[in-house]
Amino acid sequence: MRWILVILLGLCHGTFAQRDLLQAHNDMRIREKGAADMKMMKWSKELANVAQKWANTCREGHNPRRKSRYFRNLGENIYRSTNRASATDVLRSWYSEKSQYNFYSNHCSGVCGHYTQVVWADSEYLGCGVAYCRNFFRGRGGYNYVCNYGPAGNWIGKKPFTPGRQCSRCPKGYGCYKGLCYK
């Protein structure tokens with residue numbers, strides 16, 4: 001009976017984490033007041049499986065074979081921490097790179113690819129995974145957070161979104177909810 005409780009708690013935590021990660025992404029996307037075509041993100045079990053499998057490998061760097069049935073290319077953000085982090089902490093870290101990105105010149109003065117992927121207007125599907133990795137931080141251990149995005153963002157020469165009044169350039173068939181295009 002005890003192992004059933006552990007499994008159920010794990011399932012509840014997974015659902016809770018998914019909801020939090022999805023909400024944190026959409027909250028950050030809503031913050032882009034000048035984005036005319038920003039889509040609301042939806043959770044993808046398939047992308048979550050890809051992300052979880054990569055998180056479980058505890059390898060440094062990005063997954064070189066990230067793809068899915070529906071998307072030829074997937075975007076990917078990774079966050080590592082010695083302590084378990086909340087979805088908000090993870091997203092704040094990525095979003096903080098906004099200060100290094102100049103939208104008008106489309107130039108990054110440091111690291112900003114996590115931020116631009118979070119606010120890439122065409123990325124509509126999200127799946128994330130987390131794993132504890134004993135080998136991280138010189139053997140002290142830590143958490144490996146991986147999020148995959150479909151379709152991928154961060155295309156060279158393209159800006160993450162179309163500037164303008166929120167929802168003024170939503171694709172055909174999309175409505176507007178809190179400044180995000182949704183279907």
Exercise for the section: Along each of the three principal axes of the Cα atoms of region 92-183, give the extent in whole Å, ordering the values from largest to smallest. Expected result: 50, 31, 22
Practice task
Over the chain, average the accessible area per residue using a 1.4 Å probe and give it in Å², no decimals.
Solution key: 59 Å²
Problem - Inter-part distance where region 96-119 and region 43-72 are each reduced to a Cα centre, Å - result: 23 Å
Handout entry: Length-normalised contact order for the chain - Cα pairs under 8 Å, 6+ apart - percent
Key = 34 percent
Handout entry: Residue-wise HN-Hα coupling along region 33-38, computed from phi with Karplus coefficients 6.51, -1.76, 1.60 (Hz; x: Gly, Pro)
Key = 4, x, 9, 7, 10, 6
Exercise for the section: First compute the accessible area of the chain with a 1.4 Å probe, then give the percent of it belonging to carbon and sulfur atoms. Expected result: 53 percent
Completion exercise
Charge tally for neighbours of Leu74 with beta carbon under 9 Å away, counting Lys, Arg as +1 and Asp, Glu as -1, is +2
Practice task
Specify the angular offset, from 0 to 90 degrees and rounded to the nearest 10, of the alpha carbon long axis of helix 2-30 from the longest principal axis of the alpha carbons in the chain.
Solution key: 20 degrees
Handout entry: Rg ratio (alpha-carbon, reference 2.2 N^0.38 Å) - region 29-105
Key = 1.28
Practice task
Excluding residues fewer than 8 places away in the same chain, name every one of the lysines whose C-alpha is closer than 18 Å to that of Lys178.
Solution key: Lys33, Lys39, Lys42
Fill in the blank from the handout: Using a 1.4 Å probe on heavy atoms of the protein chains only, the accessible area for Cys58 in Å², nearest 10, reads 20 Å²
Exercise for the section: Only helical DSSP H runs with n ≥ 4 go in: add -39500 (n - 2.57) per run for the chain, normalise by residue count and round the 222 nm mean residue ellipticity to 500 deg cm²/dmol. Expected result: -10000 deg cm²/dmol
Handout entry: Order of exposure, largest accessible area first, which applies to Phe136, Phe103 with probe 1.4 Å
Key = Phe103, Phe136
Exercise for the section: Compute the acute angle (0 to 90°) between the alpha-carbon long axis of helix 45-57 and the principal axis of greatest extent of the alpha-carbon atoms of the chain; round to the nearest 10°. Expected result: 50 degrees
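The values are calculated or read from the model by the stated rules, or taken from the named source; none is laboratory data. Keep in mind it's a predicted model, so treat the numbers as computed, not measured. Ideal geometry is used to build each Cβ from the backbone, glycine not excepted, and the neighbour counts take in all protein chains shown. For the accessible areas, the whole protein counts, side chains as well, though only heavy atoms, and no ligand, DNA or RNA atoms are used. Shrake-Rupley method; radii C 1.70, N 1.55, O 1.52, S 1.80 Å.
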